[in-house]
Amino acid sequence: MSNREAYEQKLNARLEEWQAEIDKLRAKARKAEADVRIEQEKETERMEAKREEVREKLKELREAGDDAWDDIQEGAERAWQAFNDSFEKARNRFK
């Protein structure tokens, strides 16, 4: 398995893990009081949008030629870090 394939698998696994976490937070939001629930639902929607950005970067990685792969990988890492930061902030607000 190449480094590229391993990296793609790693990102896919992370996306699946975070989708499960988003689903848990969404379920928790449904149980909250109306005003809190609205804010939590908005937050989960923002998280879904960030996750989709990472999914798009992963798609670009898969389709990229070897010469462009390094540049796209850097963009994917930045998108991933932004998603991770947003996710952690949201998770803290749900506590």
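The values are calculated or read from the model by the stated rules, or taken from the named source; none is laboratory data. None of the values given here were measured: they were computed from a predicted structure. Backbone-built Cβ (ideal geometry, glycine too); neighbour counts: all protein chains shown. Accessible surface areas use protein heavy atoms only, side chains included; no ligands, DNA or RNA. Shrake-Rupley method; radii C 1.70, N 1.55, O 1.52, S 1.80 Å.
Annotations
- Close pairs (9 angstrom Cβ cut-off, 6 or more residues apart or separate chains): within 17 Å of LEU15 (Cα to Cα) in the stretch 58-82, of a type in the set (S, T, N, Q) and open to solvent by less than 100 Å² (accessible area, probe 1.4 Å) anywhere: LEU58/ASN12; LEU61/GLN73
- The number of residues in the stretch 53-95 that are within 11 Å of the chain's Cα centre (by Cα) and polar (S, T, N, Q) comes to 3.
- The single condition among (1) touching a Leu at 6+ places or on another chain (Cβ under 9 Å); (2) acidic (Asp, Glu); (3) over 30 Å from ASN92 (Cβ atoms) that GLU43 does not meet is (3).
- The single residue among GLU41, GLU53 that is free of Cβ contacts under 8 Å to residues at least 24 places away in the same chain, of a type outside the set (A, V, I, L, M) and open to solvent by 40 Å² or more (accessible area, probe 1.4 Å) turns out to be GLU41.
- Screening the stretch 10-21 for residues that are within 12 Å of ARG51 (Cα to Cα) and free of Cβ contacts under 8 Å to residues at least 12 places away in the same chain and picking the one that is least open to solvent (accessible area, probe 1.4 Å) gives ALA20.
- Unmet criterion (only one of (1) touching a residue at least 24 places away in the same chain (Cβ under 8 Å); (2) open to solvent by 90 Å² or more (accessible area, probe 1.4 Å); (3) of a type in the set (Lys, Arg)) for LYS24: (1)
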